[in-house]
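Q: I'd like to ask some things about the structure below.
Coordinate-derived values only; no laboratory data. Since we're looking at a predicted model, the values are computed, not measured. With ideal geometry, Cβ positions are generated from the backbone for all residues, glycine too; neighbour counts draw on all protein chains shown.
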Ligand code: ADP
Ligand code: MG
């Protein structure tokens, strides 16, 4: 340390407090990085690594970026999972005695990005804190770019996983005196791709967290937030605030409240179900091919984010669902109003994020203009809403505050097209501030005088090439070329000599210059002050802006749902508590929208808890089983999120949870065997399903040997049927034909198959679901379609014939239906499906003519038969 420059010492001291971040150390117009930070940053950012003290014994690696274009570099580091601590010079270098004072003013982390330009507009960027408590987990999520701050509690790992998938936070805070390792291990792949920050355990202490929350919101109790009785939630929220304080040194007044939500108010969707149903992302990644991708006709960023939330949290309350349907249906019907509303909203910028920027004092004049032009749309929106009848739209209309005062204040102050920078003037309108106006006129007059001076002086001196110019060093000056120097008058004072010209000033030129420059300095300062005052004034109205933004987001979602409903002919489903599901001519919303080659074939469905609880769906590969089952799940989910549905008609009894499991899905990347994953997921279903749940099982059991697979599939189905507390409506697709036998012994099991037509040994997919089990699986025909060699196909037919001959046992009872309780016939245990000895015995006995047998022959025969057995 002793041999170091004072600046390096200052650097190391600050760096020691931010050891987990890359320190951007402000040096004049650059941010410099040193040592390991420099090595990392130069690699990630692909910038040149240089060296301080080159050649000396203590070389210091170094790299830097210009501060005025630092945003993309910061964004890239954060994108790559680093934190960036921004260290600024906090005093004027000219005024500093010794080394300039420097401080970290902000730490940018993946979960706390405030530079919204680098974020997806239609996605929230969440920071989540998790806190284990007595039997329950506390969860808190914050989006600093909108001010949304929510808490909840959940009972188990499934609940945690579900929230993690729904919010998809970029960064997670955990208690971690052990470095968070135990929790990280336990949560496994649910944390993959997120920055995980273990914080000291004391950060999560209840008293501390509660005190911090009360202090932050300036209230005396947490009752108002609905979480006073949820210690886990309070502890998690406290950790978020602690982290916020550590990283954001400025104001965050747009975080106005904490809102508590309860998972039981919404349809429960576990992690695997969200993924399998491709709600917000397709299995192969990206929005395209997801439900969100199809439904998203929103025109604002806020609406886009809200639609994602609605998809992730379908409702359970019949009345609330109906009121959304009613609103959407009205907007479908009144298409002119719908179009006008969408056009009006199209001009509304991201009010939530603008508001956050205004509160955090990072908004520039362009942002205020964006706010203004958005608010200018509101009276029109409100008027259009006034002509609609549905109660929900009426409520929205009542709750949207047109914020005329804010709009007016901005529009009075800020010019229509202000510059990005705040410190060069040009922001404030004429007529807004008397002092500013006066200074401007002085500046204008001075400039006018100077402009006139050139022609005056040319005339006075007779120097035709005389010029009046300005530069930063000398200010205004008069330039005369060398050849004309003899004509220069007495009162010119020489300032500078160039190669072929000289520069002069005159007292009156300087007098005006002072006026102009003095005025301009003041102008810039006054404009900046006025702007800041206005920004603060608007920030005080942040609560109103947030509320209106939220209502406009809902309106945008309802309009989007109406738009897609209109485009794709959706209908309003009838909602009730019956537990029935009746869908007439239902379609898969995504496949019907995406498939170009094949017209989508609609299908009907009837399910209930009385006769049609468990539907076994068979049919060859590629027939459409998976599509049909997902379509049913999606129709239910869409209905409960408030959307109309792709069907001719639908009657939907509220579903409390949807489960979907797909056999042998590719989870190899997670290091678990596929079969293990399948079975864990199946266990989760059997433990959590209720008679109001909807279960979609797509070829489970596929991940193991055939006999194991059939046995497990069979017993899972029986369990779902036989246990009244589970008894969920279940769609069960299987290629194990044997399962169709369940319908023989179980009364609420029904067989369906997806029809195919055989034609010239080929199959044609009809895509129609019909009653009954499939006659056979057509696997060989499908193999043929796939182009397997002819010889292989022929041999497969032979083998199949052999196998099929053993399907029913002698009593006509399907083999697999037998068991200790369930089976009707009492028969001796079967040895194996391939056991053929009874037939050989019979064959041998048939051949015997007893009337010609000698006693010795009879004895030998008996011996032979015994051996056969
Ligand atoms: P399975 O699960 O029976 O193997 P899938 O559900 O995966 O079959 O469907 C196979 C293909 O058939 C899908 O790619 C889909 O595009 C198409 N398909 C499925 N159902 C329909 C339908 N009702 N109308 C039109 N095409 C369909
Ligand atoms: Mg399938």
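Q: Based on the Cβ-Cβ distance from residue 14 to residue 94, what FRET efficiency comes out when R0 is 25 Å, to the nearest 0.05?
A: The computed FRET efficiency comes out at 0.70.
Q: Here's another thing I want to ask about it. Considering only C-alpha atoms, what is the centroid distance from the stretch 155-175 to the stretch 430-509, in Å?
A: If we compute the Cα centre of each part, the gap is 68 Å.
Q: Between residue 335 and residue 793, take the C-beta separation as r, use R0 = 60 Å, and let me know the FRET efficiency to the nearest 0.05.
A: Result of the calculation: an efficiency of 0.65.
Q: To the nearest 10 degrees, how steeply does helix 318-333 sit against the main Cα axis of the chain, on a 0 to 90 scale?
A: 70
Q: Output the relative contact order of the stretch 228-342, whole-number percent, from Cα pairs under 8 angstrom with separation of 6+ residues.
A: Relative contact order for the stretch 228-342 comes out at 17 percent.
Q: For the stretch 434-519, what is the largest minus smallest coordinate of the Cα atoms on each principal axis, given in angstrom and ordered from greatest to least?
A: Dimensions of the stretch 434-519 along the principal axes of its Cα atoms: 48, 26, 18 Å.
Q: Helix-derived [θ] at 222 nm for the chain: sum -39500 (n - 2.57) over DSSP H runs of at least 4, divide by residue count, nearest 500?
A: Per the formula, -13500 deg cm²/dmol.
Q: What is the gain in length, in nm to one decimal, between residue 786 and residue 103 on full extension, counting 0.36 nm per residue of separation less the C-alpha to C-alpha distance?
A: Here the segment from residue 786 to residue 103 would lengthen by 239.2 nm.
Q: Further question on the same structure: Kindly express, to the nearest 10 degrees and within the range 0 to 90, the angle between helix 157-167's C-alpha long axis and the longest C-alpha principal axis of the chain.
A: Helix 157-167 sits at roughly 50 degrees to that axis.
Q: Also, I was wondering about something else. Only bridges with both residues in the stretch 119-265 count here: give the DSSP antiparallel percent, nearest 5.
A: Antiparallel bridges make up about 55 percent of those DSSP assigns within the stretch 119-265.
Q: Just to be sure I understand the curve: with the Debye formula and one point per C-alpha of the stretch 6-108, what is log10 I(q)/I(0) at q = 0.17, 0.18, 0.21, 0.22 Å⁻¹?
A: -0.76, -0.85, -1.14, -1.24
Q: Then there is this: Between residue 707 and residue 202, 0.36 nm times their residue separation minus their Cα-Cα distance comes to what?
A: Gain on extension, residue 707 to residue 202, equals 176.5 nm.
Q: Okay, which of the stretch 242-286 sit inside 18 Å, backbone N to the point 7 Å along the Cα-Cβ direction of residue 683?
A: 270-273
Q: Ok, one more. Nearest 5 percent is fine: what portion of the DSSP beta bridges confined to the chain is antiparallel?
A: 60
Q: In addition: For the residues 202, 714, what sequence is obtained by ranking on other C-beta atoms within 10 Å, fewest first?
A: Working: 202 10, 714 20.
By the 10 Å Cβ count, ascending, the order reads 202, 714.
Q: Return, ordered by residue number, the residues of the stretch 672-695 whose backbone nitrogen is under 19 Å from a label point located 7 Å along Cα→Cβ of residue 192.
A: Inside the label zone: 672-682.
Q: Distance from the Cα centre of the stretch 233-309 to that of the stretch 1-48, in angstrom?
A: First find each Cα centre; the distance between them is then 35 Å.
Q: Compactness ratio of the chain: Cα Rg over 2.2 N^0.38 Å, N = residue count?
A: Normalised Rg, Cα atoms only: 1.31.
Q: How far, in degrees from 0 to 90, does helix 625-641 lean away from the longest principal axis of the Cα atoms of the chain, to the nearest 10?
A: 50
Q: Another question, then. I need 486, 251 ordered by Cβ neighbour count within 10 Å, fewest first. Show your work: numbers first, answer last.
A: Values: 486 7, 251 12.
Listing 486, 251 from fewest to most nearby Cβ atoms yields 486, 251.
Q: When ranked by the protection proxy of mean other Cβ atoms within 10 Å per residue, highest first, what sequence do the peptides 93-102, 430-439 form? Don't jump to the answer; show the numbers that get you there.
A: Values: 93-102: 11.4, 430-439: 14.0.
Listed from highest to lowest mean packing, they are 430-439, 93-102.
Q: Can I ask one more? Between residue 456 and residue 259, what is the spin-label point distance in nm, taking each point 7 Å from the Cα along the Cα→C-beta axis?
A: My value for the distance between the label points is 6.6 nm.
Q: Now, a different point. The stretch 560-614 to the stretch 69-84: how many Å between their Cα centroids?
A: Going from one Cα centre to the other spans 45 Å.
Q: Set the Förster distance to 60 Å, then compute FRET efficiency between residue 757 and residue 862 from the Cβ-Cβ distance, nearest 0.05. Present the calculation step by step, with values, prior to reporting the outcome.
A: Details: r = 53 Å, r/R0 = 0.88.
Efficiency computed from Cβ-Cβ geometry: 0.70.
Q: What percent antiparallel are the DSSP beta bridges of the stretch 6-108, to the nearest 5?
A: Numbers: 17 of 22 bridges.
DSSP beta bridges in the stretch 6-108 are roughly 75 percent antiparallel.
Q: Binning every alpha carbon pair distance of the stretch 574-786 at 5 Å from zero, what are the percents per bin?
A: 1, 7, 15, 19, 20, 18, 12, 6, 2, 0
Q: Using 0.36 nm per residue of separation minus the Cα-Cα distance, give me the extension gain between residue 498 and residue 395 in nm, one decimal.
A: Here the answer is 29.6 nm.
Q: Using packing as a proxy for protection, rank 293-299, 557-563, 399-405 so that the peptide with the highest average count of other Cβ atoms within 10 Å comes first.
A: 557-563, 293-299, 399-405
Q: Same structure again: Of 4, 33, 267, 679, how do they rank once you tally other Cβ atoms within 10 Å and put the fewest first?
A: Least to most surrounded, the residues fall as 4, 679, 267, 33.
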